[in-house]
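The values are calculated or read from the model by the stated rules, or taken from the named source; none is laboratory data. No experiment lies behind these values; they were computed from the predicted model shown. Note that we place each Cβ from the backbone using ideal geometry, even for glycine, and neighbour counts take in every protein chain shown.
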Amino acid sequence: MADSTSDQLANLDISEFDCPNLQRNLNILSPDYVDLAKMLIQNGQSHVFDEWPEPGVDDDEKLAFFDQIARLNSSYPGGLVQYINNAKELLADSKAGKNAFDGFTPSVPTGENLTFADENFIKYEETGVKEAKNAAFVLVAGGLGERLGYNGIKVALPSETSTGTCFLQLYIESILALQEASCRLAEGEPLKEIPLAIMTSDDTHARTLALLESNAYFGMKSTQVSLVKQEKVACLADNDARLAVDPQNKYRIQTKPHGHGDVHSLLYSSGLLNKWHDAGVKWVLFFQDTNGLLFKAIPASLGVSATKQYQVNSLAVPRKAKEAIGGIAKLTHADGRTMVINVEYNQLDPLLRATINSEGDVNCETGFSPFPGNINQLILELESYIEELKKTGGAIKEFVNPKYKDATKTSFKSSTRLECMMQDYPKTLPPTARVGFTVMDIWLAYAPVKNNPEDAAKVPKGNPYHSATSGEMAIYRAHSLILKKAGVQIADPVMHAYNGQEVEVWPRIVWKPKWALTFSDVKRKIGGNCSVSLKSTMVLKGRNIFIEGLSLNGTLIVDAIDDAEVKVEGSVQNVGWTLENVDYKDTRIPEEIRIRGFRISKVDQLEGNFREPGNYCLKP
């Protein structure tokens, strides 16, 4: 409590302001809260006290209001004053229809286009694995799966249902496999643990921690994992950036997520970046929560960063013109400024029409847009990243997207807020920054799970569904195509509809990351004339499993400890596992199955479990 109301009045100089409801409640506030009240009033927010009653009524709620204001103030770089000022500027620009790209001319930036399995790709993969011991990973996982029709956290969703491996387990096992392989190549050097940071939110923090703890961190040491929680930001009620009071509670400000761009300020303010730097980390790799293919692309992409010494490397895929995915472009301003940045697809077409191409966003002779598609995976060189964040505190260029009631743009349909995106980090970099991209085949690198069955079924024919159905089938396709490149005869896929989505059905092939991280790993473990039929399922769990002259027409499961070497050969014939259609509206079926539109009936299989060290041969 403050010493006296008069002291607080002097501190606030309340006479300058017409806010009687606050004035009569000052005696319940601490000096810190009085300072927050002064800050609100000085910045045009006195309306938040309009309905406050006299002291003695709801005093605990009034103090809880200031608790919330304190959190909102401390969690935003520059505090609430900076947030309000940014909002006023961005809202004025929005009302005026100002184009953020005025004066900029786009061009295709410099980057590396990789072709899977060629000599160049293999070289970059090898370099990336060697460099991985000097990396740290950051998983942006602040979202729930409600948009998918799944009530859990998205990282708990199975990436595929042949093994039931959830996304978080897949990611951690991939990092551990990279750690092991990288340290093995660094002979004589001590083992380096690759750190993982996970950005959570109020919605996901406790459940993410519970998922990790209940599964012993999926084999990773708990000390390797850091959780940093993202706070929400205040909503805005109008063009004057007045904070929106919650209509359900006059003592609360409405809040909404600020966007995944907050990951930069959280890493900076938590001290993790300096801790990693002191431990010898050179690279920070950012990735999203539900892309089951992303670690297929990481070794080669990291190899590109290390070879070309990129300070920023955006992972990308070929992009069809007007596809709903951002394009990476170099923007040159009339005053000479340049930046290499993601331009959202709905902004890229008008920008091109206004500058270099009256036809806008069109495909070139390759059949794709010349501007590669951004998939929100970034590799940043740590030292220059830290230096940049020292200047900005991790603040990322924001945007606002208010929904106006009418063409006058004087009032909103509902409250809005400022937002920021992780991939906008390069906007603040100087022109001398080494910013590039690495393009991978879509089938190898990108199969996000973000649409529920109903929305996915409405996607125009030929466009990606980005659903649990397509995400799982993409994993099987990628593994089938990798084996095909390694010389295995793989049956051609068939088209089948699940949950109203027509997808390619390939043999269901899954391997743990420790079996093969790179294409060279796969080639080394495959020999002779091997073939896999369309009805087949093959699951490989173990580092030292070698396939030699295998003919598979059914289901084969091999599970071996690290010290067991297993050679698999001969002809495997059994009924196998079958795919059965299910109705996503059938609530008797678990959500994680319903949203795929199929379940696996595990009828028959050949299974080899090797739990003791030694050399083995699995042959029917």
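Here residue 532 does not qualify as aliphatic (A, V, I, L, M), buried (at least 20 other Cβ atoms within 10 Å of the Cβ) and more than 20 Å from residue 478 (Cβ to Cβ). Of the strands (runs of 3 or more DSSP E) lying entirely inside segment 319-389, those containing at least 1 residues that are under 22 Å from residue 268 (Cβ atoms) and of a type outside the set (Phe, Trp, Tyr) span 338-343, 373-381. Across segment 566-586, not a single residue is classified as among the acidic types (Asp, Glu) and in contact with a Pro (Cβ under 6 Å, 6 or more places away or on another chain). For residue 485, the criteria (1) surrounded by fewer than 18 Cβ atoms within 10 Å (Cβ to Cβ); (2) farther than 23 Å from residue 121 by Cβ hold in every case but one, which is (2).
Does residue 94 satisfy the condition of being within 26 Å of residue 257 (Cβ to Cβ), of a type in the set (Ser, Thr, Tyr), surrounded by fewer than 21 Cβ atoms within 10 Å (Cβ to Cβ) and without any contact (Cβ under 8 Å) to a residue 24 or more places away in the chain? Working first, answer last.
On the way: within 26 Å of residue 257 (Cβ to Cβ): yes; of a type in the set (Ser, Thr, Tyr): yes; surrounded by fewer than 21 Cβ atoms within 10 Å (Cβ to Cβ): yes; without any contact (Cβ under 8 Å) to a residue 24 or more places away in the chain: no.
Judged against the criteria, residue 94 is not a match.
Take the residues in segment 301-331 that are out of contact with any strand residue (DSSP E or B) (no Cβ under 7 Å at 6 or more places or on another chain) and of a type in the set (Gly, Ala, Ser); name whichever of them is modelled with the lowest pLDDT. My answer is 324. In segment 73-114, the qualifying residues are those that are of a type in the set (S, T, N, Q) and in a helix (DSSP H, G or I), and the one that is nearest to residue 268 (Cα to Cα) is 74. In segment 366-383, is there at least one residue being surrounded by fewer than 19 Cβ atoms within 10 Å (Cβ to Cβ), hydrophobic (A, V, I, L, M, F, W, C), over 17 Å from the mean Cα position of the chain (by Cα) and more than 30 Å from residue 484 (Cβ to Cβ)? Scanning segment 366-383 turns up no residue that is surrounded by fewer than 19 Cβ atoms within 10 Å (Cβ to Cβ), hydrophobic (A, V, I, L, M, F, W, C), over 17 Å from the mean Cα position of the chain (by Cα) and more than 30 Å from residue 484 (Cβ to Cβ).
Within segment 192-225, being modelled with pLDDT under 95 and closer than 18 Å to residue 275 by Cβ holds for one residue alone: 192. Selection of first residues in segment 184-196 that are free of Cβ contacts under 8 Å to residues at least 40 places away in the same chain and of second residues that are assigned to a loop (DSSP other than H, G, I, E, B), restricted to Cβ pairs under 8 Å at least 6 apart or on distinct chains, gives the following pairs, ordered by first then second residue: 193/221.
One line per residue, one yes/no per condition, for (1) more than 18 Å from the chain's Cα centre (by Cα); (2) assigned to a helix (DSSP H, G or I):
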position: 419; (1), (2): no, no
position: 426; (1), (2): no, yes
position: 438; (1), (2): no, no
position: 456; (1), (2): yes, yes
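Considering segment 296-318 alone, what residues qualify as being part of a loop (DSSP other than H, G, I, E, B) and surrounded by fewer than 24 Cβ atoms within 10 Å (Cβ to Cβ)? Residues satisfying the conditions are 309, 311, 318. Among the criteria (1) outside any loop (DSSP other than H, G, I, E, B); (2) under 20 Å from the mean Cα position of the chain (by Cα); (3) surrounded by fewer than 20 Cβ atoms within 10 Å (Cβ to Cβ), the one residue 151 does not fulfil is (1).
Here is a yes/no grid of residues against (1) among the small types (Gly, Ala, Ser); (2) touching a Phe, Trp or Tyr at 6+ places or on another chain (Cβ under 9 Å):
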{"position": "18", "(1), (2)": "no, no"}
{"position": "23", "(1), (2)": "no, yes"}
{"position": "31", "(1), (2)": "no, no"}
{"position": "39", "(1), (2)": "no, no"}
{"position": "42", "(1), (2)": "no, yes"}
{"position": "54", "(1), (2)": "no, no"}
{"position": "79", "(1), (2)": "yes, no"}
{"position": "93", "(1), (2)": "no, no"}
{"position": "100", "(1), (2)": "yes, yes"}
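Residue 377 passes every criterion in (1) free of Cβ contacts under 8 Å to residues at least 40 places away in the same chain; (2) of a type in the set (S, T, N, Q); (3) touching a strand residue (DSSP E or B) at 6+ places or on another chain (Cβ under 7 Å) apart from (1).
Residue 117 meets each of the listed conditions (1) at pLDDT below 95; (2) of a type in the set (Gly, Ala, Ser); (3) not in a helix (DSSP H, G or I) apart from (1). The lone criterion from (1) in a helix (DSSP H, G or I); (2) surrounded by fewer than 19 Cβ atoms within 10 Å (Cβ to Cβ) left unmet by residue 497 is number (1). For the condition in contact (Cβ under 8 Å) with a residue 24 or more places away in the chain, among the small types (Gly, Ala, Ser) and in the same structural domain as residue 525 (by TED's automatic domain parsing), what is the one hit in 608, 549? That would be 608, the only listed residue that is in contact (Cβ under 8 Å) with a residue 24 or more places away in the chain, among the small types (Gly, Ala, Ser) and in the same structural domain as residue 525 (by TED's automatic domain parsing). Regarding residue 198, is this residue among the β-branched types (Val, Ile, Thr), buried (at least 19 other Cβ atoms within 10 Å of the Cβ) and outside any strand (DSSP E or B)? Against the criterion (among the β-branched types (Val, Ile, Thr), buried (at least 19 other Cβ atoms within 10 Å of the Cβ) and outside any strand (DSSP E or B)), residue 198 does not qualify. Scanning segment 161-180 for residues that are in a helix (DSSP H, G or I) and among the hydrophobic types (A, V, I, L, M, F, W, C) yields 167, 168, 170, 172, 175, 176, 177, 178.
Looking only at segment 458-509, filter to residues that are hydroxyl-bearing (Ser, Thr, Tyr) and free of Cβ contacts under 8 Å to residues at least 40 places away in the same chain; which one of those is nearest to residue 579 (Cα to Cα)?
Here the answer is 470.
Taken together, the residues in segment 458-494 that are more than 20 Å from residue 148 (Cβ to Cβ), assigned to a strand (DSSP E or B) and under 21 Å from the mean Cα position of the chain (by Cα) amount to 0. On the given criteria, is residue 65 in contact (Cβ under 8 Å) with a residue 12 or more places away in the chain, crowded, with 20+ Cβ neighbours inside 10 Å, not assigned by TED's automatic domain parsing to the domain that holds residue 389 and not acidic (Asp, Glu)? So residue 65 passes the test.
Looking at segment 332-343 only, could you name the residues that are charged (D, E, K, R) and modelled with pLDDT under 90? Give the steps one after another, and end with the answer.
Taking segment 332-343 and keeping what is charged (D, E, K, R), we get 335, 337.
Once the filter is applied, which keeps residues that are charged (D, E, K, R) and modelled with pLDDT under 90, segment 332-343 yields only 337.
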